[in-house]
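Enquirer: Take a look at this one; I'll ask things after.
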Amino acid sequence: MSTSYLPIPDTDTEYLESVPRQHRGEIWKFLSEQYQLRHQHISKNQLKDTPYKELLKQLTTQQHAILIDLGRTFPTHPYFSAQLGAGQLSLYNILKAYSLLDPEVGYCQGLSFVAGILLLHMTEEDAFKMLKFLMYDMGMRKQYRPDMITLQIQMYQLSRLLHDYHRDLYNHLETYEIGPSLYAAPWFLTMFASQFPLGFVARVFDMIFLQGSEVIFKVALSLLGSHKPLILQHENLESIVEFIKNTLPNLGLVQMEKTIIQVFEMDISKQLQAYEVEYHVLQDELIDSSPLSDNQRINKLEKANSTLRKQNFDLLEELQVSHGRIQMLESTVENVQSNEVKLKQSILTLELERSALLNTIEELRDQIKDLQKNKLYAD
């Protein structure tokens, strides 16, 4: 796509302030292309790249579930409100095609809202491509898998982050046994699209395309933190959950801007990694505390060993690719330096030629003056 009409921002925050609404879909596509170029060496070919039109010709076992959710997806939005109107049909096509492309996930509640947001900003086929990008390239499909383990990990990570950043709010919620799964699961599964204003959701998607899936954690933390005084006023489970689910999402423009700014001030990547490891360690301890047969322990160790071998292989692969890129960059630097020497020589030659030409011009001027004088004397 051509972006010659767009200013180049100096910072991510400035980028988000400069996103023209009418070009948002194009910018999302552009950002996805840039992400894929940066991560070529670690992208896994996890899916068959079946053409969209070919997928639409096939039948899906998820048809009933998809059709039920069509009417629940942005029911008041003009584009989606008409039963089996243009919006619902396009949404059905995207969800059907994805369920065929990724049979492990198939169709999961929440996906319709993600696809719907994409569909509001681009063509049907482009929206399908961007859904595929978010799910595979950015790794979001893991949270939609039937076992929901990734979603459980995310809820644990959010709880630990809440403990780090807003201890008093964390303690208040713990008092009433309110874990993130009671209110935040829809935020993660729909990327805030099911409950929050569409203008705000579009800006969340801007940040996701720009920074990746950890944006969802940052937005959740910012929203909970900024509403902390109001949440602390509620003193029973029902009213707290009701407030977080129904009152909190009614954001004003000032609150939206504040949330966007806070997201860019946070750096939680290391904490997310640490808490994912912590979750697995705790799960392993729970398993170890229960009696296991020798065969079960051997199987568990073999599985862990296999995982470590795969991780080592992946790291070796990344290291080899990195070495290749370093060699390529070194070669590029050498070429640039060689070109620089040649350019300096060319500049020196041109300067000498320029000096010679200036001398020639001066000589010609003197000759012209002499000729004019001689002509005057002759007359």
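Enquirer: Conditions first: (1) under 22 Å from Arg24 (Cα atoms); (2) among the hydroxyl-bearing types (Ser, Thr, Tyr); (3) touching a residue at least 60 places away in the same chain (Cβ under 8 Å). Ser112 passes all but one, so which condition is the exception?
Expert: Exception for Ser112: condition (3).
Enquirer: Looking at Arg145, is it touching a helix residue (DSSP H, G or I) at 6+ places or on another chain (Cβ under 7 Å) and at negative phi? Break it down stepwise before answering.
Expert: Numbers: touching a helix residue (DSSP H, G or I) at 6+ places or on another chain (Cβ under 7 Å): no; at negative phi: yes.
No.
Enquirer: Show me the helices (runs of 4 or more DSSP H) entirely contained within the stretch 120-193 in which 2 or more residues are within 22 Å of Tyr107 (Cα to Cα) and touching a Phe, Trp or Tyr at 6+ places or on another chain (Cβ under 8 Å). Quick ask: steps written out before the conclusion?
Expert: Working: elements: 124-132, 149-165, 167-175, 185-190.
Qualifying helices (runs of 4 or more DSSP H): 124-132, 149-165, 185-190.
Enquirer: Cβ contacts < 7 Å: first residue more than 15 Å from Gly179 (Cα to Cα), restricted to the stretch 226-242; second residue among the polar types (S, T, N, Q), any location; separation 6+ or different chain. Result?
Expert: Short answer, once both residue conditions are applied: Ser226/Gln255; Ser226/Thr259.
Enquirer: Here is a list of conditions, (1) in a loop (DSSP other than H, G, I, E, B); (2) surrounded by fewer than 21 Cβ atoms within 10 Å (Cβ to Cβ), and Phe74 meets all of them except one; can you say which number that is?
Expert: If we test Phe74 against (1) in a loop (DSSP other than H, G, I, E, B); (2) surrounded by fewer than 21 Cβ atoms within 10 Å (Cβ to Cβ), just (2) comes out false.
Enquirer: If you don't mind, another one. Test Tyr183 against the criterion of being touching a helix residue (DSSP H, G or I) at 6+ places or on another chain (Cβ under 9 Å), in contact (Cβ under 8 Å) with a residue 40 or more places away in the chain, closer than 22 Å to Ile268 by Cβ and of a type in the set (Ser, Thr, Tyr), and give yes or no. Please lay out each step first, then the result.
Expert: Numbers: touching a helix residue (DSSP H, G or I) at 6+ places or on another chain (Cβ under 9 Å): yes; in contact (Cβ under 8 Å) with a residue 40 or more places away in the chain: yes; closer than 22 Å to Ile268 by Cβ: yes; of a type in the set (Ser, Thr, Tyr): yes.
Criteria met by Tyr183.
Enquirer: Of all residues in the stretch 28-44, which are farther than 16 Å from Lys129 by Cβ and either of a type in the set (S, T, N, Q) or at pLDDT 95 or above (or both)?
Expert: Across the stretch 28-44, the qualifying residue is only Gln40.
The values are calculated or read from the model by the stated rules, or taken from the named source; none is laboratory data. Predicted, not measured: the structure shown is a model, and the values here were computed from it. Neighbour counts run over all protein chains shown; Cβ positions are idealised from the backbone, glycine included.
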